[in-house]
Amino acid sequence: MTERILFTRSGRDLPRPRPSAENLLRVQRIRWNEDLLVIAAAGEIDLATAGRLEQALRGRLPAATVLDLSEVGFLGVAGLRVIESAAARARTERRTTGVVADARPVLRLLHLFGTETQIPVYRHLDHAILEVSNQ
């Protein structure tokens with residue numbers, strides 16, 4: 001005869017639910033001027049949150065777009081694909097795009113996939129705005 005072991009769970013043993021995508025990533029569209037849009041992201045961009053970034057990059061966009069990732073601590077491949085897709089669309093539509101990043105994990109992924117050869121990457125937002133709006 002097999003003896004069954006019953007497990008009891010206290011509040012400490014229960015797994016905590018993962019925070020929602022809204023809590024993991026904040027995305028804001030800032031109309032800098034008539035020809036420039038800054039999309040600022042803060043948090044983590046991964047498979048669970050990449051859709052929020054993709055949504056911000058949809059629709060009619062001005063001549064220049066700067067994606068500010070300076071407040072992003074993690075960038076996964078899903079987020080990278082969203083960025084690359086938006087940049088490809090911008091090239092097709094003859095618009096300019098730039099990315100601002102200074103966190104090592106974000107810069108490392110951009111470098112590993114060679115993204116910085118297709119999209120200009122800047123360390124500071126003011127430099128990106130100046131360069132992207134003058135192209």
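None of 53, 61, 37 is among the aliphatic types (A, V, I, L, M), in contact with a helix residue (DSSP H, G or I) (Cβ under 8 Å, 6 or more places away or on another chain) and at pLDDT 95 or above except 53.
The rows are residues; the columns are (1) more than 8 Å from the chain's Cα centre (by Cα); (2) assigned to a strand (DSSP E or B); (3) not polar (S, T, N, Q).
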residue	(1), (2), (3)
29	yes, yes, yes
32	yes, yes, yes
37	yes, yes, yes
40	yes, yes, yes
47	yes, no, yes
51	yes, no, yes
55	yes, no, no
61	yes, no, yes
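Pairing each residue of the range 26-46 that is on the phi < 0 side of the Ramachandran plot with any residue that is of a type in the set (S, T, N, Q) and not in a strand (DSSP E or B), provided the two are 6+ apart or on different chains, yields C-beta distances under 7 Å for 35/133; 36/133. For the range 88-114, a residue qualifies if it is crowded, with 18+ Cβ neighbours inside 10 Å, in a loop (DSSP other than H, G, I, E, B) and within 15 Å of the chain's Cα centre (by Cα), and exactly one does: 101.
The condition of being in contact with a strand residue (DSSP E or B) (Cβ under 7 Å, 6 or more places away or on another chain), over 15 Å from residue 39 (Cα atoms) and buried (at least 19 other Cβ atoms within 10 Å of the Cβ) holds for only one of 75, 69, that being 75. Quick one: would you say residue 70 is at pLDDT 95 or above and among the polar types (S, T, N, Q)? Considered against the rule, which asks whether it is at pLDDT 95 or above and among the polar types (S, T, N, Q), residue 70 comes out as yes.
The values are calculated or read from the model by the stated rules, or taken from the named source; none is laboratory data. Everything quoted here is computed from the prediction, not taken from an experiment. FYI the Cβ positions are ideal-geometry reconstructions off the backbone, even for glycines, and counts take in every protein chain you see.
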